[in-house]
Amino acid sequence: MFDMNEKSEHIHPVFDSILGRQDKEVLLNQHAKVIWMTGLSGSGKTTIAVALERALNEQGFLTQVLDGDNVRVGINNNLGFSEEDRTENIRRIAEVSKLFLNCGIITINCFVSPTIEIRANAKKIIGADNFLEVFVNTPIEICEKRDVKGLYKKARAGEIKNFTGIDAPFEAPQNPNIYIITDELTVEEAATQILEYIIPLITRK
Ligand code: ADP
């Protein structure tokens with residue numbers, strides 16, 4: 001076992017000697033941000049993120065989408081859905097987002113991230129100025145009817161435990177930067193709503 005104090009004594013980060021975020025933002029001609037999409041499974045986070053990324057790409061912005069499923073088969077494949085693991089899941093994602101941010105890249109994150117505390121932790125790691133919260137608000141009845149991955153059916157049958165919206169809570173953001181109601185907007189309209197908000201923030205003058 002590592003002794004944490006002993007371990008940190010031997011770690012010497014090189015952040016001040018490597019090329020900075022600003023140099024990279026100049027190269028890319030953009031300002032980096034983390035767009036954090038939160039909402040129930042099947043609410044439309046990934047679908048909207050894909051449309052948003054395409055639109056940003058067409059306008060010359062460099063982006064990276066981080067999606068719950070991809071991260072969970074990769075860097076976080078040792079984590080489950082207990083409260084502790086959900087917290088660790090988001091901590092790692094936030095740290096990865098920070099690496100992209102410091103590389104000047106606009107990151108679009110699609111994670112249920114169900115509690116206020118979890119999102120506050122992510123915001124703290126990423127930095128409040130860099131963090132834009134998008135609440136993809138779709139009623140659970142609609143998400144369950146869509147049941148894109150068949151997960152609601154399994155959760156109702158008790159085959160999946162701690163499923164957000166069924167037997168684990170979802171705490172709605174109290175003051176999101178952007179509020180999307182997908183049962184009133186098409187995917188393109190939702191992506192455009194986010195685009196119009198972020199373009200002034202990511203464009204270099
Ligand atoms: P999440 O990433 O939040 O789990 P997904 O994007 O994977 O959700 O799934 C959302 C599903 O809802 C997709 O099948 C998508 O085609 C459908 N859908 C229907 N209308 C909308 C809308 N207005 N915005 C986003 N998704 C929508």
What does the highest-first list of 102-112, 132-142 look like by mean Cβ count within 10 Å? 102-112, 132-142
How big is the stretch 31-109 by the Kirkwood estimate over distinct Cα pairs, in Å? 13.2
Listing His10, His31 from the residue with the fewest other Cβ atoms within 10 Å to the one with the most, what is the order? His10, His31
Computed over the chain, the distribution of all Cα-Cα distances in 5 Å bins, rounded to whole %, is 1, 7, 14, 18, 19, 16, 11, 6, 4, 3, 0
Do the sum for the chain: with -39,500 (n - 2.57) for every DSSP H run of n ≥ 4, divided by all residues, what is the mean residue ellipticity at 222 nm, to the nearest 500 deg cm²/dmol? -13500 deg cm²/dmol
The alpha-carbon center of the stretch 91-162 and that of the stretch 34-76 are separated, in whole Å, by 10
Percent of Cα-Cα pairs more than 21 Å apart in the stretch 118-205, please. 48
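Here, each number is a calculation from the coordinates, and none is a lab measurement. Fair warning: this is a prediction, and the values are worked out from it, not measured in the lab. Cβ coordinates were reconstructed from backbone atoms using ideal geometry, including for glycine residues, and neighbour counts include every protein chain displayed.
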